[in-house]
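Trainee: Here it is, the structure, as structure tokens.
The values are calculated or read from the model by the stated rules, or taken from the named source; none is laboratory data. Keep in mind that this is a model prediction, so the values were computed, not measured. Positions of Cβ are backbone-derived with ideal geometry, glycine not excepted, and every protein chain shown enters the neighbour counts. Calculation scope for accessible area: heavy atoms of the full protein, side chains included, ligands and nucleic acids excluded. Shrake-Rupley method; radii C 1.70, N 1.55, O 1.52, S 1.80 Å.
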Amino acid sequence: MGAASTNAKVQSAYQDLTANGQVRFDAAQMNIARHLDDLALRLAAAPKPRTALFSRKKPEPEKGLYIWGGVGRGKSFLMDLFFASVDGVNKRRVHFHEFMDEMHTAIATFRKSAPGTGNADPIAAVVKPVIAETRLLCFDEFHVNDITNAMLLGRLFEKLWDGGVVMVATSNVEPGNLYENGLNRQLVLPFIAALKSHCEVLALDGPIDYRRLKLSGRDLYRFGTGPAIDTEMDELWTGIISGAPDEPGTIRSLGRDIAVPHQAMGAARFDFADLCDAPLGARDYLVIAHRFHTIMLDHVPGFSRANSNAAKRFILFIDTLYARGVKLAASFALPLEELGNDGDTSFEFRRCLSRLIEMRSEDYLARAIADPADLG
């Protein structure tokens, strides 16, 4: 394993992590890192594309990447390294399901706000600001099994690509199997062909599920309060993210931002108060479950009538994570069987307790993440 070029930021970061023992070296991952570095260099060297949608000479975007493979093979990890490495380029990283929701909402808003526009194309209208603001668009979990998305894909991405947007996507599905057996699948076939022409397709599908490897055999729950428990949670978090640097971020939900105190490698860490004392609801929790494969939750208290609303939000949050298969690490003030002492939520909490017990099991840790479109 030779030294990476100083311009090869993804490879350099990857080699540093493997040298420190934080990540196990994987030749397939290193190959993807090389392609990501190559794209970053091409983006840096390419002239800024013209952003006019209807210019006589269309910009020719750099060819993007579509990286597919099984769960836990390192796709999101490599996307983290790549996204952090790209400088001087307007970039955005977003969950594919979240992005498509934004497009549908923007189209509906355009139609309502501009009823007299006649034959105006709503897709062109909503894509125009995306092109103006974004050169590199990175998607997590690119997957299609929703007919409304399937019908929109072709025209939407045609305009994005024509506008010079470069796409990098991770997916569990190779392009040829997108929307497999879906209603009117023939509508998606031209998009699949265009995707293959605008993106280099790379497989990352080795035999090791690194995500499960990091969690398997590890007790993900801690009980008690105080500095010693917080220190144990810090150590657990370091293991979950393989020692990678974490950073704060935000998630957009229903027109507002939800703060994410710590995130890295597809995992996020919150304090209980961030999610359950705050006025969040089902849609907010669904967006969080779509974005991250592992959640760490610190300082879960005991529940009584004094914090009944927080208990209801906690139950809803756990239900949402469980339905998607998101993995949970948490610190609890009390043993699980002593957490719920609120008569108003006693029935719901019994179900929640059952799920919390299951969510620390090896069977649950081995469970695949459910596709977002299956969750509504």
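Trainee: Find the accessible area per residue for the chain; the probe is 1.4 Å, ligands and nucleic acids are left out, and the unit is Å².
Mentor: Ligands and nucleic acids excluded, the result is 46 Å² per residue.
Trainee: Take every Cα pair under 8 Å in the range 133-191 that's 6+ residues apart, average their separations, divide by the length, and report that relative contact order as a whole percent.
Mentor: Relative contact order for the range 133-191 comes out at 52 percent.
Trainee: Here's another thing I want to ask about it. Decide, for the chain, between rounded, prolate and oblate: order the square roots of the alpha carbon gyration tensor eigenvalues as a ≥ b ≥ c, take rounded if a/c falls under 1.5, and otherwise choose prolate if a/b is larger than b/c, else oblate. All intermediate terms of the calculation are to be shown ahead of the outcome.
Mentor: Working: a/c = 2.05, a/b = 1.38, b/c = 1.49.
Oblate, since a/c reaches 1.5 and b/c is not below a/b.
Trainee: Let me ask something else about it. With n ≥ 4 as the cut-off for DSSP H runs, can you work out [θ] at 222 nm for the chain, using -39500 (n - 2.57) per run divided by the number of residues, rounded to the nearest 500?
Mentor: Calculated mean residue ellipticity at 222 nm is -14000 deg cm²/dmol.
Trainee: Order the peptides 324-330, 245-251 from the highest to the lowest mean number of other Cβ atoms within 10 Å of their residues.
Mentor: So the order, starting with the most tightly packed, is 324-330, 245-251.
Trainee: Work through the residues other than LEU254 whose Cβ is under 9 Å from its Cβ and net out their charges, Lys, Arg +1 and Asp, Glu -1.
Mentor: My count for the surroundings of LEU254 gives +2.
Trainee: I would also like to ask the following. Return, ordered by residue number, the residues of the range 326-348 whose backbone nitrogen is under 11 Å from a label point located 7 Å along Cα→Cβ of TYR364.
Mentor: Hits in the range 326-348 for TYR364 at 11 Å: 326-330.
Trainee: Given H placed on each backbone N at 1.01 Å, which residues far from TYR66 in sequence or on other chains put an amide H within less than 5 Å of it?
Mentor: Here the answer is ALA169, GLU200, VAL201, LEU202, since their amide H atoms fall under 5 Å of that of TYR66.
Trainee: Right, next: About its Cα centre, how strong a charge dipole does the chain have in debye, to the nearest 20, once Lys and Arg get +1 and Asp and Glu get -1 at the Cβ?
Mentor: With only Lys, Arg, Asp and Glu charged at Cβ, the dipole is about 1380 debye.
Trainee: Local charge sum around TYR66 (other residues, Cβ-Cβ under 12 Å, Lys/Arg +1, Asp/Glu -1)? Before the final figure, lay out the partial values.
Mentor: Numbers: positive: LYS63, LYS75, LYS196; negative: GLU174, GLU200.
Within the 12 Å Cβ shell, the charges total +1.
Trainee: Still on this structure, I have one more. Tally the DSSP beta bridges in the chain and give the antiparallel ones as a percent, rounded to 5.
Mentor: 20 percent
Trainee: Return the long-range amide H neighbours of MET296 (sequence gap of 5 or more, or a different chain), with a cut-off of under 5 Å between placed amide H atoms.
Mentor: For MET296, the qualifying residues are ALA268, ARG269, PHE270, ALA329.
Trainee: Per-residue HN-Hα couplings for the range 288-299, Karplus 6.51 cos²θ - 1.76 cosθ + 1.60 at θ = phi - 60°, whole Hz, x for Gly and Pro?
Mentor: 5, 5, 5, 7, 10, 8, 9, 10, 9, 10, 9, 6
Trainee: Additional query: Between ALA27 and MET151, what is the FRET efficiency for a Förster distance of 56 Å, r being their Cβ-Cβ separation, to the nearest 0.05? Can you show the working numbers first?
Mentor: Numbers: r = 40 Å, r/R0 = 0.71.
About 0.90, to the nearest 0.05.
Trainee: Under the 0.36 nm per residue contour assumption, what length would be gained going from the current alpha-carbon distance of GLU337 and THR225 to full extension?
Mentor: The GLU337-THR225 span can extend by a further 38.7 nm.
Trainee: Comparing HIS143, HIS104, HIS290, which has the greatest mean-square fluctuation in the GNM of the chain with Cα pairs linked when under 10 Å apart?
Mentor: HIS104
Trainee: Here's a follow-up. From the phi angles alone, apply the Karplus equation (6.51, -1.76, 1.60; θ = phi - 60°) to the range 249-266 and give each ³J(HN,Hα) in whole Hz, x where the residue is Gly or Pro.
Mentor: Karplus values, whole Hz, x for Gly and Pro: x, 9, 10, 8, 9, 6, x, 9, 9, 9, 6, 10, x, 9, 8, 5, 6, x.
Trainee: Which FRET efficiency value, to the nearest 0.05, do you get for ASN90 and SER216 by plugging their Cβ-Cβ distance into 1/(1 + (r/R0)^6) with R0 = 45 Å?
Mentor: That gives a FRET efficiency of 0.70.
Trainee: In percent, what relative contact order does the chain have, based on Cα pairs under 8 Å that are 6 or more apart in sequence? Provide the component values of the computation, followed by the final result.
Mentor: Numbers: 579 pairs, mean separation 60.7, N = 376.
That works out to 16 percent.
Trainee: Which percent of the accessible area of the chain is formed by carbon and sulfur heavy atoms (probe 1.4 angstrom)?
Mentor: Working: 8860 of 17170 Å².
Carbon and sulfur: 52 percent of the exposed surface of the chain.
Trainee: Cβ neighbours within 10 Å, averaged per peptide: list 353-359, 144-150 in order, most packed at the top.
Mentor: Descending packing order for the listed peptides: 144-150, 353-359.
Trainee: Taking the Cα centroid of the range 338-360 and of the range 174-234, what is the distance between the two, rounded to the nearest whole Å?
Mentor: 29 Å
Trainee: Let me ask something else. Taking the mean number of other Cβ atoms within 10 Å as a proxy for protection, how do you rank 89-98, 267-276, 334-343 from highest to lowest?
Mentor: Highest to lowest by the protection proxy: 267-276, 89-98, 334-343.
Trainee: Are any of the pairs LYS75/LYS214; LYS128/LYS196; LYS91/LYS327 more than 25 Å apart by Cα-Cα distance, and if so, which?
Mentor: Check vs 25 Å cut-off fails for LYS91/LYS327.
Trainee: Using modelled amide H (1.01 Å from N, peptide plane; none on Pro or chain starts), what sits under 5 Å from the amide H of HIS95, excluding residues fewer than 5 places away?
Mentor: Under 5 Å from the amide H of HIS95 lie the amide H atoms of ASP140, each far enough along the sequence or on another chain.
Trainee: Also: What do you get for the angle between helix 227-240 and the principal long axis of the chain? Use alpha-carbon atoms, 0 to 90 degrees, nearest ten.
Mentor: So the helix axis and the longest Cα principal axis differ by about 30 degrees.
Trainee: Assuming a ≥ b ≥ c are the square roots of the Cα gyration tensor eigenvalues, decide whether the range 241-300 counts as rounded (a/c under 1.5), prolate (otherwise, with a/b larger than b/c) or oblate.
Mentor: The shape class here is prolate.
Trainee: Applying the Karplus parametrisation 6.51 cos²θ - 1.76 cosθ + 1.60 with θ = phi - 60° to the phi angles of the range 302-309, what ³J(HN,Hα) value in whole Hz is obtained for each residue in order, glycine and proline being reported as x?
Mentor: Result, ordered by residue: x, 10, 8, 4, 5, 10, 4, 5 Hz.
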